[in-house]
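Trainee: Let me give you the structure first, and then I'll get to my questions.
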DNA sequence: AGCGCGTTTTGACGTCGATCAAATCGTCCA
DNA sequence: TGGACGATTTGATCGACGTCAAAACGCGCT
């Protein structure tokens with residue numbers, strides 16, 4: 001703890017500084033915040049937090065992707081959220097139960113910043129800027145999680161995949177190509193699908209002009225995807 | 001606006017005062033908060049907010065139930081959350097987009113308190129107690145919405161119904177009876193089911209000792225429900 | 001360029017839940 | 001108490017998605 005961001009490379013530092021937690025911090029608050037932070041590197045498949053474990057920290061992803069999920073008694077798992085670089089997770093524990101309500105697992109090698117919950121909570125009492133950062137982050141997460149519920153309940157697999165593609169496409173209506181930033185199995189979990197269902201959804205989108213080769217997705221007509 | 005809580009009956013006032021927004025407020029903040037509030041009564045099926053509408057307020061339910069939902073292009077709707085007495089909704093707009101991401105509809109006649117977003121936002125800057133209330137509420141909503149995603153993805157209809165019953169049963173393991181506080185169709189939407197599916201889930205629970213008559217649900221053995 | 005392993009795709013099949021329609025139930029009112 | 005109306009249940013059918021197994025692919029390695 002307390003080793004600050006000294007070891008961060010430029011890219012990681014830039015990601016961290018763009019988060020609301022670090023963005024507009026004044027001198028003294030910044031110093032204190034740095035003392036509440038430490039940097040961690042975890043390997044693919046490592047567990048970062050366990051459901052039911054007492055919560056003492058929340059995390060910011062600098063590099064890689066983290067899978068938040070829950071298990072059923074018979075061992076099946078369901079993803080709740082995928083945290084990308086710049087995202088935090090576990091910040092909902094600042095003002096709630098003491099136990100994590102999910103597992104967090106590194107989907108690949110990840111660089112994380114760990115924030116001590118109690119310290120940040122204390123800081124938030126003094127610095128409205130930090131409170132604001134917490135509220136902003138919580139609000140966004142709440143809204144995106146509500147989106148997730150609505151998507152699951154309203155849309156079929158091909159529609160959810162189309163929505164995902166659209167969310168990563170430039171806004172114009174013409175052709176586009178995107179590169180998935182992670183494995184398809186992770187995308188499947190993110191959309192609440194089995195990998196096989198994701199694969200079938202992609203092939204059902206071929207007739208709408210979607211071509212998939214490895215992680216590259218090409219779209220003939222972005223506008224047409226919207227009509228699905 | 002600004003008519004305060006003068007018109008509230010005792011029950012409604014008690015509900016309001018138990019919310020984190022009003023609970024520990026000091027004199028001056030309390031006065032200001034009161035000036036940001038107004039009381040509204042809405043009839044069954046009235047829309048309280050519309051998706052896409054510019055957000056200028058959030059709400060606290062004092063009486064009745066409010067359905068937050070989204071529509072698909074072809075007119076189907078999906079519930080995202082049911083707000084019960086004591087719950088707030090729309091508070092995620094304090095630090096996020098300006099447009100509501102859902103519709104809110106009174107499921108029955110409701111009494112609500114309307115909070116002006118900008119005023120509360122300004123108040124939160126000065127009063128850490130208010131910030132704390134916002135963060136507490138957002139955290140709880142985020143966690144319960146994550147629970148919702150996990151439930152949808154992990155459990156079948158009968159399991160979700162069993163979970164709901166258990167969440168409203170006294171903790172001990174023996175027999176119990178509960179009364180649904182709303183129509184079954186609302187419960188169905190809450191659990192992400194069609195009303196017919198809820199009905200079938202109830203009847204599939206008969207073999208586990210669950211009896212339903214109108215809004216009364218009787219459970220022979222609470223412990224047995226947990227094993228489903 | 002060829003090999004080898006983990007990921008993804010495809011096929012076959014079963015189950016769950018949505019949908020539509022019709023019957024029944026509950027509750028409110030006169 | 002008898003209706004009447006909306007809510008709920010039941011039945012029949014269908015489509016979407018999960019699961020398991022096997023084939024194909026992609027990618028990194030030498």
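Trainee: Specify whether the C-alpha gyration tensor of region A:117-202 places it in the rounded, prolate or oblate class, a ≥ b ≥ c being the square roots of the eigenvalues: rounded for a/c under 1.5, otherwise prolate if a/b is larger than b/c and oblate if not.
Mentor: On the way: a/c = 2.66, a/b = 2.13, b/c = 1.25.
Prolate is the answer for region A:117-202, as a/c is 1.5 or above and a/b outweighs b/c.
Trainee: Along Cα→Cβ, 7 Å out, is where each label goes; now give me the distance between the ones at residue B:221 and residue B:183 in nm to one decimal.
Mentor: If labels sit at residue B:221 and residue B:183, their model points lie 3.6 nm apart.
Trainee: Does the protein assembly as shown classify as rounded, prolate or oblate by the C-alpha gyration tensor (a ≥ b ≥ c root eigenvalues; a/c under 1.5 gives rounded; else a/b over b/c gives prolate, otherwise oblate)?
Mentor: Details: a/c = 1.43, a/b = 1.08, b/c = 1.33.
It is rounded, given that a/c, with a ≥ b ≥ c, falls under 1.5.
Trainee: Taking a ≥ b ≥ c as the square roots of the eigenvalues of the Cα gyration tensor of region B:17-63, is the shape rounded (a/c under 1.5), prolate (a/b larger than b/c) or oblate? Don't skip to the answer; put the middle values down first.
Mentor: Details: a/c = 2.69, a/b = 1.83, b/c = 1.47.
Because a/c hits 1.5 or more and a/b exceeds b/c, region B:17-63 counts as prolate.
Trainee: What's the extension gain from residue B:156 to residue B:23 if we count 0.36 nm per residue and subtract their Cα-Cα distance?
Mentor: Values: separation 133, 0.36 × 133 = 47.88 nm, distance 3.82 nm.
This chain segment gains 44.1 nm when fully extended.
Trainee: Shifting gears a bit: From the label point of residue B:194, set 7 Å from Cα along Cα→Cβ, how far away are the matching label points in the other copies, in nm, ordered shortest to longest?
Mentor: Its label point is 2.2 nm from the equivalent points in the other copies.
Trainee: Take the Cα coordinates of region B:155-226, assign each an equal point scatterer, and use the Debye formula without solvent to give log10 I(q)/I(0) at q = 0.19, 0.21, 0.27 Å⁻¹.
Mentor: Relative scattering, expressed as log10 I(q)/I(0), comes to -0.68, -0.84, -1.42.
Trainee: Any chance you could give the angle, 0 to 90 degrees and rounded to 10, that helix A:195-204 forms with the longest Cα principal axis of chain A?
Mentor: The answer is roughly 50 degrees.
Trainee: Output, in nm with one decimal and in ascending order, the distances from the residue B:218 label point to the matching label points of the other copies (7 Å from Cα along Cα-to-Cβ).
Mentor: Label-point distances to the other copies, shortest first: 6.7 nm.
Trainee: From the label point of residue A:126, set 7 Å from Cα along Cα→Cβ, how far away are the matching label points in the other copies, in nm, ordered shortest to longest?
Mentor: Label-point separations across copies, in nm and ascending: 2.3.
Trainee: Can you pull the Rg over Rh of region A:2-153, Cα-only, Kirkwood? Let's see the in-between values first.
Mentor: Values: Rg = 15.2 Å, Rh = 15.9 Å.
Rounded to two decimals, Rg over Rh is 0.96.
Trainee: Residue B:203 to residue B:99: extension gain in nm, 0.36 nm per residue of separation minus the Cα-Cα distance?
Mentor: Values: separation 104, 0.36 × 104 = 37.44 nm, distance 4.11 nm.
In short, 33.3 nm is gained.
Trainee: What is the helix-to-structure angle for A:157-167, meaning the angle in degrees between its Cα long axis and the longest Cα principal axis of chain A, kept from 0 to 90 and rounded to the nearest 10?
Mentor: 60 degrees
Trainee: Moving on to the next point. With contacts defined as alpha carbon pairs under 8 Å and 6 or more residues apart, what's the relative contact order of chain B in percent?
Mentor: Values: 382 pairs, mean separation 44.0, N = 228.
For chain B, the relative contact order is 19 percent.
No value in this document is a laboratory result; all are computed from the given coordinates. Keep in mind that this is a model prediction, so the values were computed, not measured. We place every Cβ from the backbone using ideal geometry, glycine too, and count neighbours over all the protein chains shown.
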